[in-house]
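Asks: So that we are looking at the same thing, I have put the structure below in structure tokens.
The values are calculated or read from the model by the stated rules, or taken from the named source; none is laboratory data. Computed from a predicted model, the values in this text were never measured in an experiment. All Cβ positions, glycine included, derive from the backbone under ideal geometry; neighbour counts span all protein chains shown.
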């Protein structure tokens, strides 16, 4: 960790991500405007001192909506990655460590799940359980499990025949201990990579789902939803698309820098 | 290593340049105008290719190009002969005689026979699952007789009905192929079916054996554009040549583009917050009236269409000027206090919460719902919004009536008042709002059995008045329609119905 802190790009990434998380948490205290308050007179008004990012097609303050949207998007992304990662680690570590017929069966099921596009799985979930933020998180999370499982499994396959695992076994460590205390920490750098990539994908997936109308429901804001709504007005109010887009870029950039540093 | 990098860079630059050149090429060829292929963007998939089974207005406006009835509507709102060449009214509107136009052919080149006509009328008159004929007014038909020698079809009604010719716009199908209608549509219209890819597009081509004036555009593709958001990009990128209903802000953007022309008309829809009159609390007239008072229609228009559009107060739009009652649009002036006191009387002093289900592909309706939900907050009502995909809307909301409220536009299927009003009869199969009122039923029945045109119009107006008084729904507006067409085409016609007549569009010479 100390070594990481010395890395410039890691520090830059940490600062950017930190600011984003701060904005998401403290959003309501920063902006004086209600993100759902409409004003006819302010429709598509440009950047000004009181509305620093201008207003949208309902005259709502874009800055407030970006803050609230950032929060929604972050909750969805964190939840999605958490479910996907937890599920993936359990499945991947068990199959990779034990191998055999269990591995074959579980991984084939995994392959089947992998073959369906994430959006399709999410659609099935939504039609079964209705659409809400929680359902969206669970649906996307489940859809993310297979890719995590594969990655973790290959790490375990690589590690299980290494000397340190054999040494641990000789010392009498049980399977559970070897999996979670010996191999998993060694798989961590690779896992961190896919967590960050997964986070970025989750942000984009949330955008896609909201675009299809099965994600966040209006009038609530999410960065993805704002982006898709802004498409129609890109000539009239470029800021409407620009600012949510910028925030997504910053969020992805911050995490990307951190992930690259950890890889180095 | 360095050399490799330089090479890679060079290749990528070349590739980008080639790609850019290619894209210019595409754009250029499209701009240079008019081709034999014309692509129309439509906002949703088609619910059926069978014109008798289709329920969505957006489907019927497309099928208009393939099918014709004995008569068909023109852009002025008149009925003109189509498959029939003349119609004779007898016995004060109880008997109608149609003489078929010689040489009218189906798209498989078979001539229309009197038995095809009888078959088509019988098909629409046959009761379906809910015991109602496909065209409700056809329950009035006593008999359809044919005379092959004179190619004459005689329709006898149980009761005289001077509006009856308007229902004769019902599509004529071929008896031999009708069971395949949904897969291979076979009509007599200016365009014939070529192919259909669900969720993607319907391709039509000009039918050269058409009896009337042949259209100039040879191939027409109706491309399903899933969200209104991408329409501008689709038009500017050349994927679509025409889109019939862009948002007013998009219209502004596109009218600044020298490649497009923007025409303005009305959609001929009754846009409303439709309330499920069976579901609590909307079974209470006072609650419905409270909603009507709480909503500020002008504000909706300002947000959604820059103030354009016509505020309406009942299930009738201004194009039907004979029946339209402009005074009803003022029936519920926005009055927050009155709304609150009505809610109190109804037993909801603190308001209540309900869900508005809207089809996500119609941005206008979603935006309207967003504004309404904000306005209802002022009287303490919490209206949540649930976006659903169009297919889900049709099954859950329209057919299964499993919803609390929805924002949608309802069209007229033909040129009569009953096409808009019949659905509110308590026993109507398409009464998706479950409106039930004995006075309404009585007034509607009187109108239908009346032969004197003036008195009949009075009864229809009474129906409209009841819908307004009882606040069956929160009526909003007849929306403005902005049609965008690529420059180089002219002749687009606005109809008083929900119709896109592609045959009227002509490439400029």
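Asks: What do you reckon, is residue A:218 touching a strand residue (DSSP E or B) at 6+ places or on another chain (Cβ under 6 Å), within 14 Å of chain B (Cβ to nearest Cβ) and either without any contact (Cβ under 8 Å) to a residue 60 or more places away in the chain or crowded, with 23+ Cβ neighbours inside 10 Å (or both)?
Replies: Against the criterion (touching a strand residue (DSSP E or B) at 6+ places or on another chain (Cβ under 6 Å), within 14 Å of chain B (Cβ to nearest Cβ) and either without any contact (Cβ under 8 Å) to a residue 60 or more places away in the chain or crowded, with 23+ Cβ neighbours inside 10 Å (or both)), residue A:218 qualifies.
Asks: For residues that are facing chain A (nearest Cβ under 9 Å) and more than 23 Å from the chain's Cα centre (by Cα), scanning just the stretch B:224-253, find the one that is surrounded by the most Cβ atoms within 10 Å (Cβ to Cβ).
Replies: By that ranking, first place goes to B:253.
Asks: So residue B:69 ticks every box in (1) out of contact with any strand residue (DSSP E or B) (no Cβ under 8 Å at 6 or more places or on another chain); (2) part of a loop (DSSP other than H, G, I, E, B); (3) at pLDDT below 90; (4) within 27 Å of residue B:218 (Cα to Cα) but one. Which box is left unticked?
Replies: The one condition residue B:69 does not meet is (3).
Asks: Taking residue B:312, is it within 22 Å of the chain's Cα centre (by Cα) and within 14 Å of chain A (Cβ to nearest Cβ)?
Replies: no
Asks: Check whether at least one residue in the stretch B:467-479 is assigned by TED's automatic domain parsing to the domain that holds residue B:395 and surrounded by fewer than 21 Cβ atoms within 10 Å (Cβ to Cβ), and report yes or no.
Replies: Looking through the stretch B:467-479, at least one residue is assigned by TED's automatic domain parsing to the domain that holds residue B:395 and surrounded by fewer than 21 Cβ atoms within 10 Å (Cβ to Cβ).
Asks: Hey, does the stretch B:388-406 have a residue that's within 12 Å of another protein chain (Cβ to nearest Cβ), in contact (Cβ under 8 Å) with a residue 40 or more places away in the chain, closer than 19 Å to residue B:300 by Cα and part of a helix (DSSP H, G or I)?
Replies: no
Asks: Can I ask one more? Return yes when residue B:499 is crowded, with 17+ Cβ neighbours inside 10 Å and under 30 Å from residue B:288 (Cα atoms) and no when it is not.
Replies: no
Asks: Go through the stretch A:230-240 and report how many residues are within 7 Å of another protein chain (Cβ to nearest Cβ) and buried (at least 24 other Cβ atoms within 10 Å of the Cβ).
Replies: Of all residues in the stretch A:230-240, those within 7 Å of another protein chain (Cβ to nearest Cβ) come to A:231-233, A:235-236.
Right, trim to buried (at least 24 other Cβ atoms within 10 Å of the Cβ) and you get A:232.
Of the residues in the stretch A:230-240, 1 are within 7 Å of another protein chain (Cβ to nearest Cβ) and buried (at least 24 other Cβ atoms within 10 Å of the Cβ).
Asks: In the stretch B:367-387, what residues are within 11 Å of another protein chain (Cβ to nearest Cβ), crowded, with 22+ Cβ neighbours inside 10 Å, modelled with pLDDT of 90 or more and outside any helix (DSSP H, G or I)?
Replies: Scanning the stretch B:367-387 gives a single hit, B:383.
Asks: Given the criterion within 14 Å of another protein chain (Cβ to nearest Cβ) and crowded, with 23+ Cβ neighbours inside 10 Å, identify the matching residue among A:210, A:127. Walk me through how you get there before you give the answer.
Replies: On the way: A:127 fails: crowded, with 23+ Cβ neighbours inside 10 Å.
Of A:210, A:127, the one residue that is within 14 Å of another protein chain (Cβ to nearest Cβ) and crowded, with 23+ Cβ neighbours inside 10 Å is A:210.
Asks: Taking only the stretch B:254-292 into account, find how many residues are away from every other protein chain (no Cβ under 14 Å), free of Cβ contacts under 8 Å to residues at least 60 places away in the same chain and farther than 24 Å from residue B:374 by Cα.
Replies: 0
Asks: When you look at residue B:415, is it assigned by TED's automatic domain parsing to the domain that holds residue B:274, at pLDDT 90 or above and buried (at least 19 other Cβ atoms within 10 Å of the Cβ), yes or no? Full working, then the answer.
Replies: Values: assigned by TED's automatic domain parsing to the domain that holds residue B:274: yes; at pLDDT 90 or above: no; buried (at least 19 other Cβ atoms within 10 Å of the Cβ): yes.
No.
Asks: I've got another one for you. What is the number of the single condition among (1) surrounded by 23 or more Cβ atoms within 10 Å (Cβ to Cβ); (2) within 11 Å of chain A (Cβ to nearest Cβ); (3) assigned to a helix (DSSP H, G or I); (4) in contact with a helix residue (DSSP H, G or I) (Cβ under 7 Å, 6 or more places away or on another chain) that residue B:342 does not meet?
Replies: Residue B:342 satisfies every listed condition except (2).
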